[in-house]
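Worksheet: the structure to be examined is printed underneath.
Each value in this text was obtained by applying a stated rule to the coordinates, not by laboratory testing. Quick caveat, the model's predicted, so the values are computed rather than measured. All Cβ positions, even for glycine, are placed from backbone atoms using ideal geometry, and neighbour counts span all protein chains on display.
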Amino acid sequence: METLIIHPKNKEQLAAIKAFVKALKIDFTTKKENYNPEFVVEVLEGVEERKSGKPGLEINVDKMWD
């Protein structure tokens, strides 16, 4: 058997998919992605800075735990 991973784009799509699956009496589980919104903003800002040519933070992995 296969497992489907579906990525709805909004709450309406999610509700429709759940209703459809329930109507077909198919068992399913859900997993909520709990990303900290502030962290997401920081990561996206860093990505944009790198795209614009700003240097990123360099970490010496050999000395990371010293």
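Annotated for the chain: lysine pairs at least 8 residues apart or interchain, Cα distance under 19 Å, count 10. Per-residue Cβ neighbour counts within 10 Å put 64, 1 in the sequence 1, 64, beginning with the fewest.
With loop defined by DSSP as not H, G, I, E or B, and exposure as at most 14 other Cβ atoms within 10 Å, which is the longest segment of the chain clear of exposed trypsin sites (Lys or Arg not before Pro)? The reported range is 33-62.
Each of 21, 61, 1 was placed along the dipole of the chain (beta-carbon charges, centred on the mean Cα), and the one lying farthest toward the positive end is 21. Computed over the chain, the Cα gyration tensor eigenvalues convert (square root of 5λ each) into semi-axes of 40, 17, 11 Å, ordered from largest to smallest. Tilt of helix 37-51 relative to the longest C-alpha principal axis of the chain, in degrees (0 to 90, nearest 10)? The helix 37-51 is inclined about 60 degrees to the chain. The long axis of helix 11-23 is offset from the longest Cα principal axis of the chain by roughly 40 degrees.
Do any chymotrypsin sites (Phe, Trp or Tyr not before Pro) in the chain lie in a DSSP loop with no more than 13 other beta carbon atoms within 10 Å, and if so, which?
Details: sites: 20, 28, 35, 39, 65; in loops: 28, 35, 65.
Listed in order of number, the matching sites are 28, 35, 65.
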